[in-house]
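Before I ask anything, here is the structure I am working with.
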Amino acid sequence: MKVILGISAFYHDSAAALLVDGEIIAACQEERFSRIKHDPAFPKKAIEYVLREAKLRLEDVDYVAFYDKPFLKFERILETHLSGAPSGFRSFCLSMPIWLKEKLFLKPQLVKSLKEFDPSFSEEKLLFGEHHYSHAASAYYPSPYNQALVLVMDGVGEWATATVSIGEKNNLKVVKEIRFPHSIGLLYSAFTFYCGFKVNSGEYKMMGLAPYGQPIFYEKIMEELVDVKEDGSFRLNLKYFDYTVGVRMINKRFEKLFGRPTRVPESESIDRFYMDVAASIQKVIEEVVLRITRSIHNEYKIDNVCLAGGVALNCVANGKILKDGKFNIWVQPASGDAGGAVGVALLTWYKFFNNERTPVEQDQMKGAYLGPEYSDTEIELALKRHSAIYHRFSDEELVDVVSDHLVNDSAVGWFYGRMEFGPRALGARSILSDPRSESAQRNLNLKVKFRESFRPFAPSVLEEEASNWFEIDSESPYMLMVAPVKDEHCFYRAGMKSTGRGLSSINDIRSSIPAVTHVDYSARVQTVTEERNGIYYRLIKRFHEKTGCPMLVNTSFNVRGEPLVCTPEDAYKCFMGTNLDILVCGNFVMLKNEQDKDKIKLYHNDYELD
C-alpha cells in the first residue's frame, strides 16, 4: 500500500488531500475547520481529517508532497522588485520580512509542522511540485480521458501564469507557457479590484455582474491594456498596473484611462459604469480563452481538454469553450489553489512512482464529495446539545417530506453526506429552494445569504432532463458550465432579451424557472445523477414528480463571508442565524417555527465581507 499526502498552504485556500494506491480518499480545505474563509495557514485540521478518514497516521504516509516550489517563487518576487527599483520599495519592505521569516525556508517549517503529527518524520519524505504542474495534474489525472490537452490559467505560480500541457496515459508534459508579469488571471483581478471587489475572492462577483452591463470598453482594453495574438498568447501593458512592485493592483493611469476612480468597496450601489466595465473584461477573458483553445486544438489535434487554475472557475468562459464544439471538456472542481493538494499527490503517484493510469468512464473526483461526513448518532448528539426540536425520517420519508416543503416555497438548509471539496456546494452542504419561485432569488440573496442582490443562483438538474431545459448536451457535475435556458421556457417581452439594462432588470421574470435564470437568460448548471449524487438525486426526482420541474435552486450553505458549513453545529448555527425555514441534517428535519425563538441570532456580521 502506497500512501501520499498532498498539501497546499501559505498563500490562500490551504488544503490537504490523501491518496491510497492512487485513489483519492479524502480532500478538504482548512477554512472549513478554522471558519476563516480562504484560510492560508498550514492545514493542520485538514490533515487530521484526511488521515482520520483513511484510518491512518502520518507514520503510515510514504511521501508528503507540497504543491509549489517556494525558492522559485521567491526568485520571481526578488527579481521583479530588483528590475523595478526604486519603484516598489514599500511593497518590497512589506513582503521581505514574511518571506525571510516564513516562506523562503518553507521546508524546515513544513517538517516542524509535520513532526507534530509524527515526531520521527524525516524531510526525506517531503517532495515539492511546481505550482502550474500541480494544477495541470489535478485537471488531467482525475479526468475521464486517457489523452487530453490541459490548460491552466491563474494569477501566477512560481513564474508561469498560463500553461498548456499534454496528458497521455500516465505522462503529463508542459508544452507552452506564459510567464509573469503577463497574466490573464491578474488582469481579471485588476478589474475586480477596480470594481470594488476583493482580489482572490470577488472575481466570481464580476462574472455575475457582467450581464447587467454592455462591453463598451472591450476595444479599449484590447488596444491599451492587453495585446492578444491570434493564438491567444498575450502581453499586458504594464504601465497601467501596480501589482508587480506596488501594493495596489492598478495605478492612476488605469483610472485615468477609464475616467473614473476605483469603486469604494461595499458602497451602497453599483452604477452602470462598473457593470459595463465588468461586461467588458468578461468579454476579453472569453476571447483570450477561445483563441487559446481553438489554436491548441488546431495544433495538436486532440479533442479533449482539461482545465484548472483560478480562471477555470469562470464558468461563463467554460460554457463558451463547450459551445464552440471543438473539445470535450472536464474542469477540476477545486480549480483554485486548494486543488493543488490533489494535483501534487497525483503527480507523486504517476510521475514519481511511475504508476500506470487505467482509463475510466467517469472522473475520479467522486462528485467532489471528499470531505467529512457525520453519522446520525453524531448529528443527534449535536442537536441535543443545542436543544433543537427535530423529527427523524427514513431516507424515503425524508425526500418526500423535504420535497413537500420545497413545493411550498420553503428555503431549506440541506446537510447530508460527505462535504464537497472546492468552492461549489453540490448537494451535500447546500441551501435549496423552488426554481419556479418569483421571489426566491431576491429572498435568498438578501434574507438568507445577506449578500448583493445581483448575484445569480444555480440549478441542480436531473442529468437526463438537462438538455430539455438548457442548451447543453454534456454532463456538468461540478457546476462549472454556464448554458442558456432553452427558448421554450423563456418569456421574451419587448426589450427583455437584451442584456446590459442595469439592476433595473433584476426582478424581471424571464422564464418558468426565474430563480435560476440570470439576466442574460443563462444558468450555471449542475447535472445530477443517482450514481454520483445519491439521495440528492432522489430528492430532485421526487420534486420533479410533484411539480414537473426536474431541478432545484442550489446555493452554498453559508452566509456571505463564511466558509461552507462543515459540521452539524455549523449547519444549526446558520439555520438559526438566517431566514431559512427548514434544516435537514442527515435524516433529521427541523422547522424554524418549532425552535426556541430566543436562540435565533443573526450572525452574518461576525464574518469579514468577501
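The values are calculated or read from the model by the stated rules, or taken from the named source; none is laboratory data. Bear in mind the structure is a predicted one, so any value in this text is a computation, not a measurement. Glycine also receives a Cβ, built like all others from the backbone with ideal geometry; neighbour counts cover every protein chain displayed.
Identify, please: which residue in region 368-384 is part of a helix (DSSP H, G or I) and touching a residue at least 60 places away in the same chain (Cβ under 8 Å) and is, among those, nearest to Pro142 (Cα to Cα)?
This residue is Ala368.
Of these, Arg294, Arg272, which one is at pLDDT below 95, over 18 Å from Ser189 (Cα atoms) and assigned by TED's automatic domain parsing to the domain that holds Leu209?
Arg272
Out of all the residues in region 156-179, which are outside any strand (DSSP E or B) and either of a type in the set (Lys, Arg) or crowded, with 23+ Cβ neighbours inside 10 Å (or both)?
Matches in region 156-179: Gly157, Lys169.
Restricting to region 318-358, name every residue that is under 23 Å from the mean Cα position of the chain (by Cα), in a helix (DSSP H, G or I) and under 30 Å from Ala9 (Cβ atoms).
Selection gives Asn318, Gly339, Gly340, Ala341, Val342, Gly343, Val344, Ala345, Leu346, Leu347.
Here is a list: Asp570, Asp581, Asp520. Which entry is modelled with pLDDT under 95, outside the structural domain of Glu31 (by TED's automatic domain parsing) and either buried (at least 23 other Cβ atoms within 10 Å of the Cβ) or among the acidic types (Asp, Glu) (or both)?
Result: Asp520 is the single residue among Asp570, Asp581, Asp520 that is modelled with pLDDT under 95, outside the structural domain of Glu31 (by TED's automatic domain parsing) and either buried (at least 23 other Cβ atoms within 10 Å of the Cβ) or among the acidic types (Asp, Glu) (or both).
Suppose the filter is at pLDDT 95 or above, within 24 Å of Leu609 (Cβ to Cβ) and not polar (S, T, N, Q); does Arg248 pass it?
Against the criterion (at pLDDT 95 or above, within 24 Å of Leu609 (Cβ to Cβ) and not polar (S, T, N, Q)), Arg248 does not qualify.
Here is a yes/no grid of residues against (1) in the same structural domain as Glu116 (by TED's automatic domain parsing); (2) at positive phi; (3) of a type in the set (A, V, I, L, M, F, W, C); (4) part of a loop (DSSP other than H, G, I, E, B):
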{"residue": "Ile7", "(1), (2), (3), (4)": "yes, no, yes, no"}
{"residue": "Phe10", "(1), (2), (3), (4)": "yes, yes, yes, yes"}
{"residue": "Asp13", "(1), (2), (3), (4)": "yes, yes, no, yes"}
{"residue": "Leu19", "(1), (2), (3), (4)": "yes, no, yes, no"}
{"residue": "Ile25", "(1), (2), (3), (4)": "yes, no, yes, no"}
{"residue": "Cys28", "(1), (2), (3), (4)": "yes, no, yes, no"}
{"residue": "Phe33", "(1), (2), (3), (4)": "yes, no, yes, no"}
{"residue": "Ile36", "(1), (2), (3), (4)": "yes, no, yes, yes"}
{"residue": "Pro40", "(1), (2), (3), (4)": "yes, no, no, yes"}
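Can I ask one more? From the list Arg455, Arg532, Arg451, which residue is among the basic types (Lys, Arg), closer than 30 Å to Lys573 by Cβ and at pLDDT 95 or above?
Just a single option satisfies the conditions, and that option is Arg532.
Given the options Lys69, Lys73, Lys103, name the one that is touching a helix residue (DSSP H, G or I) at 6+ places or on another chain (Cβ under 7 Å), modelled with pLDDT under 95 and of a type in the set (D, E, K, R).
Lys103
I would also like to ask the following. Output the residues belonging to region 558-567 that are surrounded by fewer than 21 Cβ atoms within 10 Å (Cβ to Cβ), of a type outside the set (Gly, Ala, Ser) and closer than 17 Å to Glu608 by Cβ.
Selection gives Arg560 alone.
Based on what the data block shows, is Gly427 closer than 30 Å to Ile7 by Cβ, part of a helix (DSSP H, G or I) and modelled with pLDDT of 95 or more?
It is false that Gly427 is closer than 30 Å to Ile7 by Cβ, part of a helix (DSSP H, G or I) and modelled with pLDDT of 95 or more.
Only one of (1) over 20 Å from Thr517 (Cα atoms); (2) modelled with pLDDT of 95 or more fails for Arg357. Which number is that?
Tallying (1) over 20 Å from Thr517 (Cα atoms); (2) modelled with pLDDT of 95 or more, Arg357 fails exactly one: (2).
Sticking with this structure for a sec: Can you tell which of Lys320, Lys283, Lys301 is of a type in the set (Lys, Arg) and in contact with a Leu (Cβ under 7 Å, 6 or more places away or on another chain)?
Selected residue: Lys320, the only one of Lys320, Lys283, Lys301 that is of a type in the set (Lys, Arg) and in contact with a Leu (Cβ under 7 Å, 6 or more places away or on another chain).
Here's another thing I want to ask about it. Pick from Gly213, Gly167, Gly157: which is under 18 Å from the mean Cα position of the chain (by Cα) and at negative phi?
Answer to the check: Gly157.
Residue check, Pro86 against (1) part of a loop (DSSP other than H, G, I, E, B); (2) surrounded by fewer than 18 Cβ atoms within 10 Å (Cβ to Cβ); (3) at pLDDT 95 or above, all met but one. Which one?
(3)
Here is a follow-up. Out of all the residues in region 523-551, which are buried (at least 21 other Cβ atoms within 10 Å of the Cβ) and small (Gly, Ala, Ser)?
If the condition is that a residue be buried (at least 21 other Cβ atoms within 10 Å of the Cβ) and small (Gly, Ala, Ser), then Ala523 is the only one that fits.
Collect the residues in region 1-11 that are within 20 Å of the chain's Cα centre (by Cα) and either modelled with pLDDT of 95 or more or surrounded by 20 or more Cβ atoms within 10 Å (Cβ to Cβ) (or both), keeping them in residue-number order.
Answer for region 1-11, where residues must be within 20 Å of the chain's Cα centre (by Cα) and either modelled with pLDDT of 95 or more or surrounded by 20 or more Cβ atoms within 10 Å (Cβ to Cβ) (or both): Gly6, Ile7, Ser8, Ala9, Phe10.
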